[in-house]
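The values are calculated or read from the model by the stated rules, or taken from the named source; none is laboratory data. Everything quoted here is computed from the prediction, not taken from an experiment. With ideal geometry, Cβ positions are generated from the backbone for all residues, glycine too; neighbour counts draw on all protein chains shown.
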């Protein structure tokens, strides 16, 4: 297996670099560098810029409005976007629901929803986790009961990322209370403007508001909003999660973070010498870089396999585990490099408590704390190890 880029891959990489250089606004780049929350308008503008080139729905086939890229081209695109400090593509409609509708949706659902995802007319969020059903997702309790031409939904979803911006949500709901856990779940599309839906913000440890609680009280949803078969939603959930976990690995973001850590280690000093010259700190950077290089190779191997088979397999759990651990280690190294000037919480620096560190580092502690979640969401790393032991090792 040749893991080096072909001439056509290199030409594609150069095309991506050129487009980003010409079309990525400086204001977006600076916002991403600082690490704060992006506005909805900024995310929508970035989507529109990519859609003008036909590069928004990166994993969709051409017949549905995607670029029809190979997995390797998608990898190159994501890597170059991270390298240029472009905003992350909001994944819920584009990288999660879109592939689900293409695979499991009716023709009417594809014709209606897919163009609206591309145009930005619909902003989707994900209704999976519940207060008592996170990594053990199959124990979810949100109910959808058939009443004539409608489903009536009651329950609660939590950790709903960017739900405050969304006008649509795709939900896992229990439609058969008597069936075994995985066999009684359905996948339903819900308009967030339907009466009976309430969204409440959850403030995270670093002060940000990117997640929410969503409450459903007698919410009536047309029966045609069911995707796939009734009580077969678990199959769709697993299909969606393989795509989500591959994205959570974030190889490009870790490469970006590695360069940031190296730059900090060259600037910051301890005991009169640069951190990069401190043997212990340099060893931690080296270990993270070795792990990242190994993950990059693993990622390329899996991309090659997906290119042959057409879909990622359970091995995506490896990427999810290693990717999140490496990214957290790099954020921890950056925080340690800055020491007290990492800014423990928003507003601390502004109040004059401590001096500023190097430019662009004022949100470093916030990014560190925010990234503690990545080894939990999308299925905790402990659950991913169980998946691998069963699916890959057959234990």
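Residues that are within 21 Å of residue 74 (Cβ to Cβ) and either at pLDDT 85 or above or in contact with a strand residue (DSSP E or B) (Cβ under 9 Å, 6 or more places away or on another chain) (or both): does the stretch 326-337 have at least one? Checked against the condition, which is being within 21 Å of residue 74 (Cβ to Cβ) and either at pLDDT 85 or above or in contact with a strand residue (DSSP E or B) (Cβ under 9 Å, 6 or more places away or on another chain) (or both), the stretch 326-337 yields at least one hit. Taking the condition of being surrounded by 17 or more Cβ atoms within 10 Å (Cβ to Cβ) and either free of Cβ contacts under 8 Å to residues at least 12 places away in the same chain or under 19 Å from the mean Cα position of the chain (by Cα) (or both), how many residues in the stretch 52-65 meet it? Residues meeting the conditions: 6.
Only one of the numbered conditions (1) farther than 18 Å from residue 174 by Cα; (2) over 21 Å from the mean Cα position of the chain (by Cα); (3) in contact (Cβ under 8 Å) with a residue 60 or more places away in the chain; (4) crowded, with 17+ Cβ neighbours inside 10 Å is violated by residue 228, and that is (1).
Condition first: within 17 Å of the chain's Cα centre (by Cα) and either on the phi < 0 side of the Ramachandran plot or modelled with pLDDT of 75 or more (or both). Can you find one or more residues in the stretch 338-349 that meet it? Taking every residue of the stretch 338-349 in turn, none turns out to be within 17 Å of the chain's Cα centre (by Cα) and either on the phi < 0 side of the Ramachandran plot or modelled with pLDDT of 75 or more (or both). From the list 75, 47, the lone residue that is within 21 Å of the chain's Cα centre (by Cα) and over 21 Å from residue 166 (Cβ atoms) is 75. Within the set 88, 17, 33, the sole residue that is surrounded by fewer than 20 Cβ atoms within 10 Å (Cβ to Cβ) and modelled with pLDDT of 95 or more turns out to be 17. Filtered by the rule that a residue be closer than 16 Å to residue 78 by Cβ and either out of contact with any helix residue (DSSP H, G or I) (no Cβ under 7 Å at 6 or more places or on another chain) or not in a helix (DSSP H, G or I) (or both), the stretch 15-28 gives 15, 24. Within the stretch 113-144, can you find the residues that are surrounded by 15 or more Cβ atoms within 10 Å (Cβ to Cβ) and under 11 Å from residue 185 (Cβ atoms)? Answer for the stretch 113-144, where residues must be surrounded by 15 or more Cβ atoms within 10 Å (Cβ to Cβ) and under 11 Å from residue 185 (Cβ atoms): 128, 133, 137, 138, 140, 142, 143, 144.
Every test in (1) in contact (Cβ under 8 Å) with a residue 40 or more places away in the chain; (2) surrounded by fewer than 17 Cβ atoms within 10 Å (Cβ to Cβ); (3) under 20 Å from residue 250 (Cα atoms) is passed by residue 73 save one, and that test is (2).
Summed over the stretch 175-189, the residues that are surrounded by fewer than 22 Cβ atoms within 10 Å (Cβ to Cβ) and either under 24 Å from the mean Cα position of the chain (by Cα) or outside any loop (DSSP other than H, G, I, E, B) (or both) give a count of 4. Looking only at the stretch 49-60, decide whether some residue is modelled with pLDDT of 95 or more, within 25 Å of residue 257 (Cβ to Cβ), part of a helix (DSSP H, G or I) and in contact with a helix residue (DSSP H, G or I) (Cβ under 8 Å, 6 or more places away or on another chain). Yes: the stretch 49-60 contains one or more residues that are modelled with pLDDT of 95 or more, within 25 Å of residue 257 (Cβ to Cβ), part of a helix (DSSP H, G or I) and in contact with a helix residue (DSSP H, G or I) (Cβ under 8 Å, 6 or more places away or on another chain). Here residue 147 clears all of (1) crowded, with 22+ Cβ neighbours inside 10 Å; (2) farther than 30 Å from residue 19 by Cβ except the condition numbered (1). Looking at the stretch 130-153, can you tell me whether even one residue there is within 16 Å of the chain's Cα centre (by Cα) and at pLDDT 95 or above? No - not one qualifying residue is present in the stretch 130-153.
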